[in-house]
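To start, the structure itself, in structure tokens.
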Amino acid sequence: MIEPIFTLALNTVDFKPFLALGLTIVFYIALFYMGKKGVGFGTRTLLALVLGLIVGLIFRGNTDYVGAFGRIFTRLISAIVIPLLFFSIMSSITSINDTKKLKSLGSKSVFWLLINTAFASMITIIVANFLKIGKGFNLVLPADYVPREVPSIVDTIINFFPSNIVQHAANNEVIPFIIFTVLMSIALVKLNTHRKEIAEPIIKGVHYLNKLVFEFIKPIINLTPYAVVSYIASAITRDAAKDMSALVLVVVVAYVISLFQMYVVHGTLISIFAKMSPIKFFKAIWPAQVVAFTSQSSIGTIPVTVKQLTEELDVSDNVASFVSALGANVGMPACTGMWPVLLAIFSINALNIPFSTVDYILLVFYSIVVSFGTAGVPGTATIAATAVLAAAGLPIEVIMVLAPISSLVDMVRTATNVTGAATAATIVDYRESKSVI
């Protein structure tokens, strides 16, 4: 009696999802030990793409349990956006020290850094839409995904401004939260000018908490290869080859846009607003570009950028140091302008989401505002993309689908960011001497 029941149970239970989960866990163990052996983050993320393809092709349609890992990662990455923005923005603004400096050097620096981001966002929208990036890609979303609602332009503008800051944080409503944080930061800078004994401990606390947040973020970002296996395995369809060609196109487009931004846009800005030969400028900052490309860290490149600006281009020490450091936290045209917008358009085309001209204008605005709260360390593009997609009401799951190629793009993104900071520093130094913006 027991044997027939056991046999019936074996025949009725589908073991494929469990086998898929088992193979995924084996791959996770392999990725873990590769990390212990010193295999690079980018290499492991690319390998994760291959491993995800293997699981997806073998167990197509039986990856529900595997997909759970990716969904957990999505929740974790969403959870860190608000605290990162809050402490990163406050740390950046309060480092300016006084209101006079905030009004003059600070305003000029922020203006030119954000101009870079705006250009990168607009160029990406034009190129990505012309090439229909993401069209035909099978983007699989969780069953509980809620499509974005399209508010009126009046409601959109009103919703930019904070009302219940706790509710904004809980709902990942980044734009009103950023505006609140900027206003709070400016108030703290003003307080520091006449009540230093009160403001100084708060500012120090903000800087310490900013460091704490980054320590908290590191292990979450390090989970990216595992999430990639999960998402790619869940996304595999009969059109896998077509999907892969779409990913390759994204890499090519990202490099083309970044190089155009780096040399054409920045070169034009240098020529017009700093009255300097672009050839002279690029020859001077070439060492910084190389370091940025190889290290993939804007912050790590700051000493080289400052050295090249001061020694080769005669930019003042104060401006070079200030703008280079600020540019590693604000602006960053490739990480906060190009990449988040490229992912947004990818998801819009893949899911056939209706998007109006006003929506695209707002997308540029979101990328500019979010660039206030980024930082030049590996993983920045993921955080920035999460914030921009959340602000635009688009699915953040696309970030993990494109995470493997993000590693390939990160080198040119960092070089573009550093070039943007050097461009802003050179222009600000020239405009300061002329006392214009």
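The values are calculated or read from the model by the stated rules, or taken from the named source; none is laboratory data. Small disclaimer: the values here were computed from a predicted structure and weren't measured. Note that each Cβ is placed from the backbone with ideal geometry, even for glycine, and that neighbours are counted across all protein chains shown. Protein only, heavy atoms only, side chains kept; ligands, DNA and RNA dropped before computing areas. Shrake-Rupley method; radii C 1.70, N 1.55, O 1.52, S 1.80 Å.
For region 260-327, the direction-averaged projected area of the alpha-carbon convex hull comes to 4.3 nm².
Taking 51 Å as R0, compute the FRET efficiency from the Cβ-Cβ separation of Phe216 and Asp317 and round it to 0.05. Kindly include the intermediate steps, with their values, before the conclusion.
Numbers: r = 34 Å, r/R0 = 0.66.
Given R0 = 51 Å and the Cβ-Cβ separation, E is 0.90.
Where does each of 394-406, 416-428 land if you order them by average Cβ count within 10 Å, highest first? Before the final figure, lay out the partial values.
On the way: 394-406: 24.1, 416-428: 31.0.
Ranked by mean Cβ neighbours within 10 Å, highest first: 416-428, 394-406.
Probing with 1.4 Å while keeping every protein chain in the model, the per residue accessible area of region 178-322 equals 50 Å². Distance between the modelled labels on Tyr65 and Ile198, one decimal in nanometres: 5.9 nm (7 Å Cα→Cβ projection). Figure note: Arg60, Arg44 ranked by solvent-accessible area, largest first, 1.4 Å probe, ligands and nucleic acids not counted: Arg60, Arg44. Given their separation in residues at 0.36 nm each and the Cα-Cα distance between them, Asn129 and Lys280 gain 50.9 nm when the chain is fully extended. Taking label points 7 Å from Cα along the Cα-to-Cβ direction, Tyr208 and Asn352 give a separation of 5.6 nm. Peptides 186-198, 348-360, 218-230 ranked from most to least packed, by the mean per-residue count of other Cβ atoms within 10 Å: 218-230, 348-360, 186-198.
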